[in-house]
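So the structure is just underneath, and the comments pick up after that.
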Amino acid sequence: MKIQSVRYVLSAAAPSQFPKDRLAEVAFSGRSNVGKSSLLNRMVGRKIAKISQTPGKTRVINFFLVNEQLYFVDLPGYGYAKVSKAMQRGWQRLIEQYMEKRPNLKAVVVIIDARRERIPPADLQMIEYVLSLGIVCIPVFTKIDKLTRSERAALKRNGFAQLPARVEAHLFSALTGDGKKELLNTLAKYLA
Ligand code: GDP
């Protein structure tokens, strides 16, 4: 898949605001600060998502129209410790309202920090949740530019082994662009 155009369409704070045109969608999810905005920006080759947004502000779901035919959907980051439990529950509910009633949602990319030896439980929970809805889940280990060659090999051995059997994991770096082509190809497969 080649990205020819991308534009911001809307931010939704409630299901009534989600786009109603039923175009195919791919959603991007991850813990706060994991590198989701950087990954999105690198994928589309433009600064569409804000990097290092101050957490604690109202969180919304952002919809970006790609090639005038599909949406990249930027979900609120989860697991940010410094906001109230009530706010976290609010975002969680919005994410669930989105994922559970979206027949045009073709895949969810779950972004994970490649530098952790164990995949954080919140990320594994998100992956299991997506799979439980019958939606394709694509875990992406990002910031691999911070790993040595042998650490990357270890990640493929040990990190991938911690994932559920059905998923196809990817490595990525927003800094170098490593893994971008492979991820775009995988997305194209599920969007077709
Ligand atoms: P978000 O909160 O998940 O959207 O995370 P951001 O995209 O704002 O990234 C958080 C921090 O990690 C920023 O300082 C980024 O510059 C840095 N970062 C994100 N992706 C990468 C990457 O692939 N490599 C490196 N070295 N740093 C990254």
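Data overview
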| read-out | value |
| --- | --- |
| Among the candidates 26, 73, residue that is within 22 Å of residue 160 (Cβ to Cβ) and either within 11 Å of the ligand (Cβ to nearest atom) or out of contact with any Pro (no Cβ under 7 Å at 6 or more places or on another chain) (or both) | 26 |
| Residue tally, condition open to solvent by 40 Å² or more (accessible area, probe 1.4 Å) and either of a type in the set (S, T, N, Q) or touching a Ser or Thr at 6+ places or on another chain (Cβ under 6 Å) (or both), over the stretch 6-49 | 4 |
| Condition met for residue 113 (touching a residue at least 12 places away in the same chain (Cβ under 8 Å) and within 15 Å of the chain's Cα centre (by Cα)) | yes |
| Some residue of the stretch 70-86 being in a loop (DSSP other than H, G, I, E, B), touching a Gly at 6+ places or on another chain (Cβ under 8 Å) and loosely packed, with under 14 Cβ neighbours inside 10 Å | yes |
| Enumeration of residues in the stretch 106-116 that are open to solvent by 10 Å² or more (accessible area, probe 1.4 Å) and either modelled with pLDDT of 95 or more or in a strand (DSSP E or B) (or both) | 106, 113, 115 |
| Test: residue 99 is within 23 Å of residue 13 (Cα to Cα), within 16 Å of the ligand (Cβ to nearest atom), assigned to a helix (DSSP H, G or I) and open to solvent by less than 80 Å² (accessible area, probe 1.4 Å) | no |
| Residues satisfying the stated conditions in the stretch 168-184, i.e. open to solvent by 40 Å² or more (accessible area, probe 1.4 Å) and within 20 Å of residue 130 (Cβ to Cβ) | 168, 182 |
| Residues being within 8 Å of the ligand (Cβ to nearest atom), in contact (Cβ under 8 Å) with a residue 24 or more places away in the chain and not hydrophobic (A, V, I, L, M, F, W, C) - total across the stretch 35-51 | 6 |
| Qualifying residue in the stretch 153-167 (condition: open to solvent by 20 Å² or more (accessible area, probe 1.4 Å), within 16 Å of the ligand (Cβ to nearest atom), part of a helix (DSSP H, G or I) and at pLDDT 95 or above) | no |
| The stretch 135-152 - residue that is touching an Asp or Glu at 6+ places or on another chain (Cβ under 8 Å) and part of a helix (DSSP H, G or I) and, of those, surrounded by the most Cβ atoms within 10 Å (Cβ to Cβ) | 144 |
| Test set (1) within 17 Å of residue 29 (Cβ to Cβ); (2) loosely packed, with under 12 Cβ neighbours inside 10 Å; (3) within 16 Å of the ligand (Cβ to nearest atom) - residue 132 fails condition number | (3) |
| Residues (more than 19 Å from residue 110 (Cβ to Cβ) and β-branched (Val, Ile, Thr)) located in the stretch 142-192 | 148, 176 |
| Matching residues, the stretch 9-34, being under 22 Å from residue 188 (Cβ atoms) and touching a residue at least 40 places away in the same chain (Cβ under 8 Å) | 9, 19, 22, 23, 24, 25, 26, 27, 28, 29, 30 |
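The values are calculated or read from the model by the stated rules, or taken from the named source; none is laboratory data. Bear in mind that the values here come from a model prediction, so they are computed numbers and not experimental data. Ideal geometry is used to build each Cβ from the backbone, glycine not excepted, and the neighbour counts take in all protein chains shown. Just so you know, the surface numbers come from the protein's heavy atoms only, side chains and all, with ligands and any DNA or RNA stripped out. Shrake-Rupley method; radii C 1.70, N 1.55, O 1.52, S 1.80 Å.
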